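Enquirer: Okay, here's the structure, questions in a sec.
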Amino acid sequence: MSAQEPKRKIVGIDLGTTNSVIAHFDEYGKVDVLPNSDNERTTPSVILFEDGEAIVGRIAKNLAASSPEKVVQFVKRRMGEPEWRREIDGHAFSAEVLSAMILKRMVNDAETQLGQPVTDVVITCPAYFNDLERRQTREAGRIAGLNVLGILNESTAAALAYGLNKRDQQVKALVFDLGGGTLDVTVLRIDGNDIRVLASDGERQLGGKDWDDVLVERVAEEFYLEHGVDPREVPESLQDLILRAEEAKKALSQKPTTKVFVQCKGHSLKATIAREEFEKLSAKLLARCARCVERTLRKSGLEWSEVDSLLLVGGSTRMPMIRGMLERMSGKRSDQWINPDECVAIGATYWGAILLLREAQALKERAAADEGASRLADSMEEAVPEDLIVLLGEAEVTNVNSHSLGVLTIGKDGRRSNECMIPEQTPLPHAVEREFVTWKDDQRNVEIRILEGAARDPSACVDIGRCWIEGLPPGRPRGARIAVRYSYGEDGVLEVRARDVETGREVTARFQSAAATLSEEEVALQGRKVAHLLQTDEMGLATDSDEQLLAEFEEGYFAEDG
Ligand SMILES: Nc1ncnc2c1ncn2[C@@H]1O[C@H](COP(=O)(O)OP(=O)(O)OP(=O)(O)O)[C@@H](O)[C@H]1O
Ligand SMILES: [Mg+2]
């Protein structure tokens, strides 16, 4: 490798609701999961705040029962709520800062083990994550100090990991990903290293946690009948019950009955639960899964008879009821090859290599004569195992958007409605151009509201941001035409551009997402705070200009800016 460019290291991170996984290319050029410093291949996405320190992982998860007020879990379910904050000891944390803590712990452990800094990362998210959720995921990566090469759909990542190992075949597959908090269903066509998503859908709030809740309710009710005390009303008992319910759920994936032990206010109970009863109690959840699968298959235009493989991803697919339901519906056996916990992070790592190779290629084409640029391109290629360069360099992955994109319009009668610009399930990248007209004389600016969702009624859609068209030529009568171009990038993130039709000139289109894009300074500041909380900031945290920051540190946590 060249002396000037530092060696780059790509990782793929599956940032999960309950567990996160990080993978890399090992010294043999194979993608492998990197265990954390507790030697676990998956890290619980749980954060404990104690004595001015943030601890991520197993310890935090185990202490969730005894100190629920100090523990943060299921942060991913809060992505897409830019205003959401979790208060701990009077300090407010946003979803992206909390997610950054999880990412940072993963990366730190990886760096310690590799003895090398991690530079480039692909972070995965559910296929149905909208623009806001994707932006927040990207921001979390930036705050964690990472160069985020891209955001990839979890199901596509799983398919990539699968497809690259079945290079010589053409298969149509249904990926069913049921994790801790979310359900994601994707139908795709895999043709060697060409992966095309045909349809993608999911449920934001459906995952293993809901199955845990079924058992919590069941046991709490028995406890109440027996002792007249409801363990759900005592925070410590509830947290303990939640952990035990999850253990019981896992046990029921292995054996026909299990016992759950609960204690509350000096009473105790050992409840016996049979798998059959558990399955009956979760029938509604299972039906939601089935409906989502049918819906996605319909959108893909395929029949079950055309689906070759059933790929089960996510820890919750270990429940026999899930496998049973899918095999009954499809009339097929699920593929046993795939590791439900690891395939997403593995696919993300391949995607990282694909993106870096593309960047290197583009750099070479743009600046063939520039020595610095070609060294940079070389250093990018060196991060990819040699024998994969051709395969990954030729890989094609086409995703679809899982939400319609529209614009708010006002009719002559004053009624507001959502005008669809890009319908859902459109292959990405995709761009659409549409003309707007100014509504008054000498209008210099136009404001456009961007909505996500298929409904005509704007209140049923998600307001993802605004776009200001600025600097239109002066002195024109109303009705001047402006073409606005919305383009969905490959990773499902929106970009907006505008052109004055009369002059053909590009005009400024300032797109402001409802999820804040942080400035470099803010990212750096938040990043240092995260590093400080995780106590990984030995490497020169304090500079003279950081006095205010240090003052905040002395108080333990930090206050959210603004
Ligand atoms: N043997 C098992 N039987 C039943 N459920 C299990 C088993 N093993 C793990 N789970 C459940 O799987 C869930 C975690 O799965 P996973 O790690 O895939 O989720 P995640 O990636 O964090 O979530 P998401 O993909 O929704 O963001 C938890 O709810 C856990 O209880
Ligand atoms: Mg997952």
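Enquirer: Being surrounded by 21 or more Cβ atoms within 10 Å (Cβ to Cβ) and within 14 Å of ligand 1 (Cβ to nearest atom) is the filter here; which residues of the stretch 48-59 pass it?
Expert: Once the filter is applied, which keeps residues that are surrounded by 21 or more Cβ atoms within 10 Å (Cβ to Cβ) and within 14 Å of ligand 1 (Cβ to nearest atom), the stretch 48-59 yields Val56, Gly57.
Enquirer: Please state which one of Val390, Val384 is in the same structural domain as Gly347 (by TED's automatic domain parsing) and free of Cβ contacts under 8 Å to residues at least 40 places away in the same chain. Don't jump to the end; show me each part of the working.
Expert: On the way: Val384 fails: free of Cβ contacts under 8 Å to residues at least 40 places away in the same chain.
After applying the criteria, what remains is Val390.
Enquirer: Return the only residue of Leu152, Leu174 being within 13 Å of ligand 2 (Cβ to nearest atom) and either more than 16 Å from the chain's Cα centre (by Cα) or surrounded by 22 or more Cβ atoms within 10 Å (Cβ to Cβ) (or both). Reasoning before the result, please.
Expert: Numbers: Leu174 fails: within 13 Å of ligand 2 (Cβ to nearest atom).
Checking each option against the conditions leaves just Leu152.
Enquirer: Please count how many residues of the stretch 309-333 are surrounded by 15 or more Cβ atoms within 10 Å (Cβ to Cβ) and in contact (Cβ under 8 Å) with a residue 40 or more places away in the chain. Explain how you work it out, then say what you get.
Expert: Step one: list which residues in the stretch 309-333 are surrounded by 15 or more Cβ atoms within 10 Å (Cβ to Cβ), which gives 309-319, 321-323, 325-326, 329-330, 332.
Narrowing the set further to residues that are in contact (Cβ under 8 Å) with a residue 40 or more places away in the chain leaves 309-319, 321-322, 326, 330.
Total meeting the criteria: 15.
Enquirer: Looking at Ala480, Ala455 in this structure, which one is small (Gly, Ala, Ser) and surrounded by fewer than 17 Cβ atoms within 10 Å (Cβ to Cβ)?
Expert: Numbers: Ala480 fails: surrounded by fewer than 17 Cβ atoms within 10 Å (Cβ to Cβ).
After applying the criteria, what remains is Ala455.
Enquirer: Hey, another quick one. State yes or no: is Glu495 modelled with pLDDT of 50 or more, surrounded by 13 or more Cβ atoms within 10 Å (Cβ to Cβ) and in the same structural domain as Glu470 (by TED's automatic domain parsing)?
Expert: Numbers: modelled with pLDDT of 50 or more: yes; surrounded by 13 or more Cβ atoms within 10 Å (Cβ to Cβ): yes; in the same structural domain as Glu470 (by TED's automatic domain parsing): yes.
It is true that Glu495 is modelled with pLDDT of 50 or more, surrounded by 13 or more Cβ atoms within 10 Å (Cβ to Cβ) and in the same structural domain as Glu470 (by TED's automatic domain parsing).
Enquirer: Residues that are among the polar types (S, T, N, Q), at least 2 per element: which strands (runs of 3 or more DSSP E) completely within the stretch 444-533 meet that?
Expert: Values: elements: 446-452, 462-470, 481-488, 494-500, 506-513.
Counting at least 2 such residues, we get 506-513.
Enquirer: When the stretch 377-431 is examined, which residues are found to be of a type in the set (A, V, I, L, M, F, W, C), part of a loop (DSSP other than H, G, I, E, B) and within 22 Å of Ala498 (Cα to Cα)? I'd like the intermediate steps shown before the answer.
Expert: Here is the first cut: in the stretch 377-431, the ones of a type in the set (A, V, I, L, M, F, W, C) are 377, 380, 383-384, 388-392, 395, 397, 400, 405, 407-408, 410, 420-422, 428, 431.
Next, only the ones that are part of a loop (DSSP other than H, G, I, E, B) stay: 383-384, 395, 428.
Listed by number, the list holds a single entry, Leu428.
Enquirer: Now for a different question. For the stretch 72-88, does any single residue satisfy the condition of being without any contact (Cβ under 8 Å) to a residue 60 or more places away in the chain, in contact with an Asp or Glu (Cβ under 8 Å, 6 or more places away or on another chain) and crowded, with 16+ Cβ neighbours inside 10 Å? Reasoning before the result, please.
Expert: Taking the stretch 72-88 and keeping what is without any contact (Cβ under 8 Å) to a residue 60 or more places away in the chain, we get 72-73, 75, 78-79, 81, 83-84, 86-87.
Within this subset, residues satisfying the condition of being in contact with an Asp or Glu (Cβ under 8 Å, 6 or more places away or on another chain) are 79.
Then drop every residue that is not crowded, with 16+ Cβ neighbours inside 10 Å, which leaves 79.
Scanning the stretch 72-88, I find at least one residue that is without any contact (Cβ under 8 Å) to a residue 60 or more places away in the chain, in contact with an Asp or Glu (Cβ under 8 Å, 6 or more places away or on another chain) and crowded, with 16+ Cβ neighbours inside 10 Å, so the answer is yes.
Enquirer: Kindly establish whether Ile151 is aliphatic (A, V, I, L, M), in contact with an Asp or Glu (Cβ under 7 Å, 6 or more places away or on another chain) and within 13 Å of Leu15 (Cα to Cα). Give the derivation first.
Expert: Numbers: aliphatic (A, V, I, L, M): yes; in contact with an Asp or Glu (Cβ under 7 Å, 6 or more places away or on another chain): yes; within 13 Å of Leu15 (Cα to Cα): yes.
Here the answer is yes, as Ile151 does meet what is asked.
Enquirer: Now for a separate question. Hey, Ala199 hits all of (1) modelled with pLDDT of 95 or more; (2) crowded, with 22+ Cβ neighbours inside 10 Å but one; which does it fall short on?
Expert: Ala199 satisfies all of (1) modelled with pLDDT of 95 or more; (2) crowded, with 22+ Cβ neighbours inside 10 Å except (1).
Enquirer: Can you find, within the stretch 334-375, the residue that is nearest to Arg318 (Cα to Cα) among those that are buried (at least 18 other Cβ atoms within 10 Å of the Cβ) and among the small types (Gly, Ala, Ser)?
Expert: Restricting to residues being buried (at least 18 other Cβ atoms within 10 Å of the Cβ) and among the small types (Gly, Ala, Ser), the top hit is Ser334.
Enquirer: Which numbered condition in (1) touching a Leu at 6+ places or on another chain (Cβ under 8 Å); (2) within 24 Å of Leu63 (Cα to Cα); (3) among the basic types (Lys, Arg) is the only one that Lys259 fails?
Expert: Result: Lys259 passes all but (1).
Enquirer: Ok, one more. If a residue has to be closer than 12 Å to Arg358 by Cα and surrounded by fewer than 16 Cβ atoms within 10 Å (Cβ to Cβ) to count, how many in the stretch 379-393 make the cut? Outline the logic, then answer.
Expert: Restricting attention to the stretch 379-393, the residues satisfying the condition of being closer than 12 Å to Arg358 by Cα are 380-381, 384, 389-390, 392-393.
Right, trim to surrounded by fewer than 16 Cβ atoms within 10 Å (Cβ to Cβ) and you get 389-390.
The total comes to 2.
Enquirer: Report, by residue number, each residue of the stretch 21-39 that is surrounded by 15 or more Cβ atoms within 10 Å (Cβ to Cβ) and more than 21 Å from the chain's Cα centre (by Cα). Steps first, answer last, please.
Expert: Kept after step one, since they are surrounded by 15 or more Cβ atoms within 10 Å (Cβ to Cβ), are these residues of the stretch 21-39: 21-25, 31-36.
Correct list: Phe25 only.
Enquirer: Given the conditions (1) at pLDDT 85 or above; (2) farther than 20 Å from Val11 by Cα; (3) crowded, with 17+ Cβ neighbours inside 10 Å, and given that Phe436 satisfies all but one, which numbered condition is not satisfied?
Expert: The failed condition is (1).
Enquirer: When the residues of the stretch 40-59 are filtered to those that are more than 21 Å from the chain's Cα centre (by Cα) and of a type in the set (Gly, Ala, Ser), which remaining residue is modelled with the lowest pLDDT?
Expert: Gly52
Each row is one residue, and each column tells you yes or no for (1) in contact with an Asp or Glu (Cβ under 9 Å, 6 or more places away or on another chain); (2) within 27 Å of Phe25 (Cα to Cα).
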| residue | (1), (2) |
| --- | --- |
| Ala368 | no, no |
| Asp387 | no, yes |
| Glu396 | yes, yes |
| Asn401 | yes, no |
| Ser404 | yes, no |
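The values are calculated or read from the model by the stated rules, or taken from the named source; none is laboratory data. Quantities reported herein were computed from a predicted structural model and do not represent experimental measurements. Note: ideal-geometry Cβ built from the backbone for every residue, glycine included; neighbour counts use all protein chains shown.
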